[in-house]
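Participant: Attaching a single structure in structure tokens format; questions to follow.
Read the figures in this text as sums done on the coordinates, not as results from a lab. These numbers were taken from a predicted model, which means no experiment stands behind them. Positions of Cβ are backbone-derived with ideal geometry, glycine not excepted, and every protein chain shown enters the neighbour counts.
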Amino acid sequence: MLFLYTFTHNSLAMIQDKEAKIAIAAVTTAAKLCQQVRHSQAFPTLQKADTSPVTIADFGAQAVICQALSEAFPQDPVIAEEDASILIQPEFSAILGQITAQVQQLTPQISQEAVIQAINWGNAQIAPRYWTLDPIDGTKGFIRGDQYAIALALVENGTVKLGVMGCPALPSITDGTLGVIFVAVRGQGVGEISLSNGEFTPIQVNAFSDPKQLVRIESVESTHSDRSVQAILDQMLGWTQLPTSMDSQAKYSEIARGKADLYLRVLLPQFKTKKENIWDHAAGVIIVEEAGGKVSDLDGKPLDFSLGSKLSENRGILANNGIIHQQVLEMIAEIEKY
Ligand code: AMP
Ligand code: MG
């Protein structure tokens, strides 16, 4: 049973597809779960094998969304960030109990076994058509009380066809109330739905061409991108103002709605072999593109989502309002020579 806000966007053709409707309902339910956890007194955080944090909300959000996808699209593989192997160890039984309790607040009849099964539904392999999910992108932001995103995308033949990104802590563009869901459908546009009143507002990138007018956006975490490349680029473009910093893929959505204009992410030399995860970018890419912006790798090529769970051939990503894309790519090529 998915949690449904009384959205007022029903007349919009772009979100009438079954895929979009299910994805919006699932992300909305997961957003409610995440806020429920965030507003609780204290919530447990675990450390994964790679030392990154994961919370009961990450697992709960993945359970809710995978459950919905497995029922609506049983043939479609889902490639999601989390897996339940840690949760079935006896010492984590209390944590599993807390995750199940959170999911049960939205889906009362679900059992603990069904929660584990739903989380592991997200451990499939890619296929010509698949879904990719980051149940909480920016977990560090979620824990800190900053921005985070629930990012779901449908990929067909290596190209993102649908992106739904829930940002429960982001102010809406219309009235500033907290909580929006961005929805982009390939060839049909993009908009944000307010989580407080269900209104749908189409969005688009800024049309600025003067680099000095552009707002740059970057990760809060300084190790997620090579800032030495960015520093040289700033000089070349004559930027003196400080960038906006934000956790998660919400950065792409900020570009899509004209709150920022340029986002550069370059793998640090020490993380070059790590590579970016598909779920960290898929929803964001289509949201920027459908808003009139551009996203590419550092050679100007589209990101390739057909290679597995990683963007395995990628060394960096540039997203912006489209107007200065080529100019910035040429500057990056110059910087990379040294
Ligand atoms: P952001 O807040 O945009 O930096 O994105 C958070 C995402 O960064 C997480 O989901 C991680 O998968 C990813 N991440 C973690 N470490 C690195 C790294 N060294 N380089 C690039 N991305 C990373
Ligand atoms: Mg992530």
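Participant: Can you tell me the 0 to 90 degree angle between the C-alpha axis of helix 18-38 and the longest principal axis of the chain, rounded to 10?
Facilitator: Helix 18-38 and the main axis of the chain meet at about 80 degrees.
Participant: Suppose the chain between Gln75 and Gln188 were pulled fully straight at 0.36 nm per residue; how much longer would it get relative to their current alpha carbon spacing?
Facilitator: Full-extension gain reported as 38.2 nm.
Participant: Among the DSSP beta bridges whose two residues both lie in the chain, what percent are antiparallel, rounded to the nearest 5?
Facilitator: 90
Participant: Sort 113-119, 181-187 for me by packing, meaning the mean count of neighbouring Cβ atoms within 10 Å per residue, highest on top.
Facilitator: 181-187, 113-119
Participant: If you don't mind, there's one more thing I want to ask. Cut-off 14 Å, label point 7 angstrom out along Cα-to-Cβ of Leu46: give me the residues of the range 64-84 whose amide nitrogen falls inside.
Facilitator: Within reach of a label on Leu46, which here means backbone N under 14 Å from a point 7 Å along Cα→Cβ, the range 64-84 contributes 81-84.
Participant: So, one more: Counting Lys and Arg as +1 and Asp and Glu as -1, what is the net charge of the other residues whose Cβ lies under 15 Å from the Cβ of Asn320?
Facilitator: Net charge around Asn320: -2.
Participant: Still on this structure: Give the lysines whose C-alpha is closer than 25 Å to that of Lys48, dropping any in the same chain fewer than 8 places away, or say none.
Facilitator: Answer for Lys48, where 25 Å is the Cα cut-off: Lys32, Lys140, Lys251, Lys272, Lys274, Lys275, Lys310, listed by chain and number.
Participant: Also, I was wondering about something else. For Gly316, which sequence-distant residues (separation of 5 or more, or a different chain) have an amide H within less than 5 Å of its own amide H, given hydrogens modelled in the peptide plane?
Facilitator: Leu267, Leu298
Participant: What is the local net charge at Ser253, summed over the other residues whose Cβ is closer than 9 Å to its Cβ (Lys, Arg +1; Asp, Glu -1)?
Facilitator: Here the charged neighbours net out to +1.
Participant: Send over the Kirkwood Rh of the range 211-335, from the inverse of the averaged 1/r over different Cα pairs, rounded to one decimal Å.
Facilitator: 14.4
Participant: Right, another one. I'd like to compare 81-94, 291-304: which one has the highest average count of other Cβ atoms within 10 Å, and what's the full order after that?
Facilitator: Result, highest mean Cβ count within 10 Å first: 291-304, 81-94.
Participant: What value, in deg cm²/dmol to 500, does the helix sum -39500 (n - 2.57) over DSSP H runs of n ≥ 4 give at 222 nm once divided by the residues of the chain?
Facilitator: -10000 deg cm²/dmol
Participant: Grab the beta carbon distance between His39 and Gln104, set R0 = 22 Å, and tell me the FRET efficiency rounded to 0.05.
Facilitator: The value I calculate is 0.85.
Participant: Compute the angle between helix 112-121 and the longest alpha-carbon principal axis of the chain, please, reported from 0 to 90 degrees and rounded to the nearest 10.
Facilitator: 30
Participant: What does the highest-first list of 205-215, 268-278, 160-170 look like by mean Cβ count within 10 Å?
Facilitator: Packing order, densest peptide first, comes out as 160-170, 205-215, 268-278.
Participant: Using only the alpha carbons of the chain, determine the length spanned along each of the three principal axes and report them from longest to shortest in whole angstroms.
Facilitator: Answer, in whole Å and largest first: 57, 46, 41 Å.
Participant: I've got another one for you. I need the calculated FRET efficiency for the pair Tyr338 and Arg144, taking r as the beta carbon distance and R₀ as 30 Å, to the nearest 0.05.
Facilitator: E between Tyr338 and Arg144, to the nearest 0.05, is 0.30.
Participant: Quick one: net charge around Arg186, please, counting Lys, Arg +1 and Asp, Glu -1 for every other residue with C-beta under 12 Å from its C-beta.
Facilitator: Result for the neighbourhood of Arg186: -4.
Participant: Between Lys21 and Asn197, what is the FRET efficiency for a Förster distance of 25 Å, r being their Cβ-Cβ separation, to the nearest 0.05?
Facilitator: 0.85
Participant: Further question on the same structure: If Rh is defined by the Kirkwood formula over all Cα pairs and Rg also comes from Cα, what ratio Rg/Rh do you get for the range 13-202?
Facilitator: We get a ratio of 0.95 for the range 13-202.
Participant: While we're on this one: With the crude spin-label approximation of a point 7 Å out along Cα→Cβ, what separation in nm comes out for Ala94 versus Asp175?
Facilitator: Simple spin-label model gives 4.2 nm for this pair.
Participant: Between 0 and 90 degrees, rounded to the nearest ten: what's the tilt of helix 227-237 against the longest Cα principal axis of the chain?
Facilitator: That works out to roughly 40 degrees.
Participant: Go through the range 296-301 residue by residue and turn each phi into a ³J(HN,Hα) via Karplus (6.51, -1.76, 1.60, θ = phi - 60°); whole Hz please, and just put x for glycine and proline.
Facilitator: 8, 7, 6, 9, x, 8
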